[in-house]
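Heads up: the structure comes next, in structure tokens.
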Amino acid sequence: MERTGPAVDAAWFSHELCFWHDPGAGSGHVPVGPGVEPLRQDAVDPDLRRAEGLVRLSGVLDRFTLRTPVPATDEELLLVHTPEHVERIEASSAIGAGDAGIYAPVNHHSAAAAQLAVGACVQAVDDVLSGRHDRAYCVVRPPGHHAEPDRAMALCLYNNLAVAARTAQRAGAARVMIVDWDVHHGNGLQRVFWSDPDVLYVSVHQEGLFPPGAGLVTETGAGDGGGTTINVPLPAGSGHEAYLAAVERIVGPAARAFGPDLVLVAAGVDAGAHDPMGRMMATSRTFHAMTVAVCALADELCDGRIVLAHEGGYSAWYQPTLVLATACAVAGLPAPADPFLHSLEHLPGQRLRPHQERVLAFLESHLRLLTEGVGVR
Ligand SMILES: [Zn+2]
């Protein structure tokens, strides 16, 4: 397999226990109850094992240094979360069932899996800051970007990347940029860093999807953090060109204005064209190209220091290919074969449409205003 760029030393973080966390029936897109004949519920977290399996089978996993995370410590979790929140996750998981917050079901393994998911991101950040590895990709669940300091939400128990960003700041990374292309808005990440001038949060998500009413272009941070939140709410149906335009025209210029010391990516793949939780049309080529683009930004701005962490991804059949595409880009490899691509890439929705262009043009025209408060170093 041919590399597209210079050799990259990339770390891969995963843990078997993350696949044992299973929010259970009714946790996904198929409700449980009257009017729905029971069927095999997609076990969204165990299904991530299929993604790792494909990356291994393709030989791409051999290009990574495999790292096994250790659980995040309470001290690390408390950089973002309240003690009551941590206790609630532990207690709910100890019972082995129930909701640890708002739509955040757990099983017996969830608390440990969540601690490992945070631990992976914390250690990945430590690895790239210390120069042990150039880049890292954390293929972990449960996801994190909806989790707020005091409540679990929408399958997210702890905010994996928020804790990682805080540990990066503690380790001396003055400025951290978080790019979030999960199809949902990362309300938890936005809330944690809302007033923090040293963390730039840019979310590219489906307009109005989840949480309802969240992620508006008018939400730009407050106080000293004014201008350090940028929301790119793309209309439902956005495809390859809209996503790449958002990265090229909004994420890139914002990153250059901000000047990060580290780039973190909430790299959910639920903007994929087959995902039942979103209505977007991204393909493996989209995720590969976006990942290449943010890695290039990190190369340009902060000696290549970048950590990607999996978030959402709910298509049992397409998620593995999208994770593989992301992995190929992280490893500096070309986009992989995609058996689904022939049925997706010719669709008219893959082109940038006028109503999507209007959102990008509006944000572009306001970008200078948005980043004025951010300050160029
Ligand atoms: Zn999501």
Problem set entry | Residue within the range 86-107 that is over 25 Å from GLY227 (Cβ atoms), outside any helix (DSSP H, G or I) and of a type in the set (Val, Ile, Thr) present | yes
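Being in contact with a strand residue (DSSP E or B) (Cβ under 7 Å, 6 or more places away or on another chain) and either farther than 13 Å from TYR158 by Cβ or of a type in the set (A, V, I, L, M) (or both) narrows it down to one residue among VAL44, VAL125; which is it?
That would be VAL125, the only listed residue that is in contact with a strand residue (DSSP E or B) (Cβ under 7 Å, 6 or more places away or on another chain) and either farther than 13 Å from TYR158 by Cβ or of a type in the set (A, V, I, L, M) (or both).
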Problem set entry | Top-ranked residue in the range 308-328 [being within 16 Å of the ligand (Cβ to nearest atom) and hydrophobic (A, V, I, L, M, F, W, C); ranked as nearest to ARG256 (Cα to Cα)] | LEU308
Exercise. For residues in the range 167-182 being of a type outside the set (A, V, I, L, M) and not in a loop (DSSP other than H, G, I, E, B), which is surrounded by the most Cβ atoms within 10 Å (Cβ to Cβ)?
Worked result: ASP180
Problem set entry | Residues within the range 106-133 that are out of contact with any Phe, Trp or Tyr (no Cβ under 8 Å at 6 or more places or on another chain), farther than 18 Å from GLY24 by Cβ and free of Cβ contacts under 8 Å to residues at least 60 places away in the same chain, tallied | 5
Exercise. Got at least one residue in the range 193-201 being within 11 Å of the ligand (Cβ to nearest atom), outside any strand (DSSP E or B) and among the small types (Gly, Ala, Ser)?
Worked result: no
Exercise. Can you tell me which residue in the range 207-250 is nearest to the ligand (Cβ to nearest atom), limited to those that are touching a helix residue (DSSP H, G or I) at 6+ places or on another chain (Cβ under 7 Å) and among the β-branched types (Val, Ile, Thr)?
Worked result: VAL232
For this session: Please go through the range 251-287 and pick out each residue that is within 14 Å of ALA325 (Cα to Cα), more than 16 Å from the ligand (Cβ to nearest atom) and buried (at least 24 other Cβ atoms within 10 Å of the Cβ).
Result: THR283, SER284
Seminar exercise, completed: Within the range 328-356, residues being in contact (Cβ under 8 Å) with a residue 40 or more places away in the chain, under 21 Å from GLY278 (Cβ atoms) and assigned to a helix (DSSP H, G or I) number 6
For this session: Please report, ordered by residue number, the strands (runs of 3 or more DSSP E) entirely within the range 208-323 with at least 3 residues that are under 28 Å from CYS18 (Cβ atoms) and without any contact (Cβ under 8 Å) to a residue 40 or more places away in the chain.
Result: none
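So which of ALA174, ALA154 is more than 22 Å from GLU16 (Cβ to Cβ), away from the ligand (no atom under 16 Å from the Cβ) and touching a residue at least 40 places away in the same chain (Cβ under 8 Å)? Break it down stepwise before answering.
Details: ALA154 fails: away from the ligand (no atom under 16 Å from the Cβ).
Exactly one of ALA174, ALA154 is more than 22 Å from GLU16 (Cβ to Cβ), away from the ligand (no atom under 16 Å from the Cβ) and touching a residue at least 40 places away in the same chain (Cβ under 8 Å), namely ALA174.
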Seminar exercise, completed: Of the candidates ASP62, ASP42, ASP74, the one satisfying the condition of being at pLDDT below 95 and surrounded by fewer than 20 Cβ atoms within 10 Å (Cβ to Cβ) is ASP42
Seminar exercise, completed: Given the conditions (1) surrounded by fewer than 24 Cβ atoms within 10 Å (Cβ to Cβ); (2) modelled with pLDDT of 95 or more, every one holds for TYR158 apart from (1)
Exercise. Being within 16 Å of the ligand (Cβ to nearest atom) and in contact with a helix residue (DSSP H, G or I) (Cβ under 9 Å, 6 or more places away or on another chain), is that true of even one residue in the range 290-307?
Worked result: yes
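The values are calculated or read from the model by the stated rules, or taken from the named source; none is laboratory data. Because the structure is predicted, anything quoted here is derived from the model rather than measured. We place every Cβ from the backbone using ideal geometry, glycine too, and count neighbours over all the protein chains shown.
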